[in-house]
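Single-structure report; data block below.
The values are calculated or read from the model by the stated rules, or taken from the named source; none is laboratory data. Because the structure is predicted, anything quoted here is derived from the model rather than measured. Positions of Cβ are backbone-derived with ideal geometry, glycine not excepted, and every protein chain shown enters the neighbour counts.
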Amino acid sequence: VVELARRYGFLLVEDVAYRELGFSEEPLPSLWSLAPDVVVQTGTTSKTFFPGVRLGWAVGPAEISARLVSAKQNTDQCAGALGQRLFEESVRRGWIDEQLELSRALYERKCERMLAALGRSMPEGAHWTRPRGGFFSWLTLPDGGDSVELARRAVEQGVGIVPGTLFFPDGRGADTVRLSFSMVDDAQIDDGIERLGSLL
């Protein structure tokens, strides 16, 4: 994709919000590291530090970066100083690295719990992704199921899921749902997936 961007003159935007939450020791190289001339990389501390500190960054070709700085200065000047200082101090003291290690282990354990629950509770024909990091797995419903209708019925059973159609501008994803394992405990994962499976 990098070579295509160079050949045809388009810009790639790479969102690395979950990059530091990968479960393996060796992450793949980022697109920006391979082609800083055609990639703008964006990231956030809200997934790795804590959500209330709304800090993000972008890096890319000089001309694009200058425009981003101008846009930022014309909207809200800068991010909150307290959040910036908190994050800076956490980096300086090595706390962020310690937190990332703990977070990776926690989310990997929760992910494995969800995958095991899916294996026990989903009917034949359902498929799901095996995440290598982050907070989510994607479930493909059997027989072209309707994710919007399933989400409505799931809420009635106390289970929150996100229909796949919300992630596609053209209406695709009607038979997929995004499942999160980040904010629920083990018992909720087991119970929620079992309830969801009973609706399929």
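General remarks:
- The listed residue being of a type in the set (A, V, I, L, M, F, W, C), in contact (Cβ under 8 Å) with a residue 24 or more places away in the chain and under 16 Å from G133 (Cβ atoms), out of V59, V16: V16
- Residue in region 2-11 that is of a type outside the set (F, W, Y), assigned by TED's automatic domain parsing to the domain that holds A66 and under 28 Å from F87 (Cβ atoms) present: yes
- Restricted to region 134-157, and to residues there that are in a helix (DSSP H, G or I) and among the small types (G, A, S), the residue that is surrounded by the most Cβ atoms within 10 Å (Cβ to Cβ) is S147.
- Matching entry among T165, T129 (being in contact with a Phe, Trp or Tyr (Cβ under 6 Å, 6 or more places away or on another chain) and surrounded by 12 or more Cβ atoms within 10 Å (Cβ to Cβ)): T129
- If you go through region 110-126 and keep only what is surrounded by 15 or more Cβ atoms within 10 Å (Cβ to Cβ) and assigned to a loop (DSSP other than H, G, I, E, B), you end up with M122, A126.
- Filter pass, G160 being at pLDDT 95 or above, on the phi > 0 side of the Ramachandran plot and not in a helix (DSSP H, G or I): no
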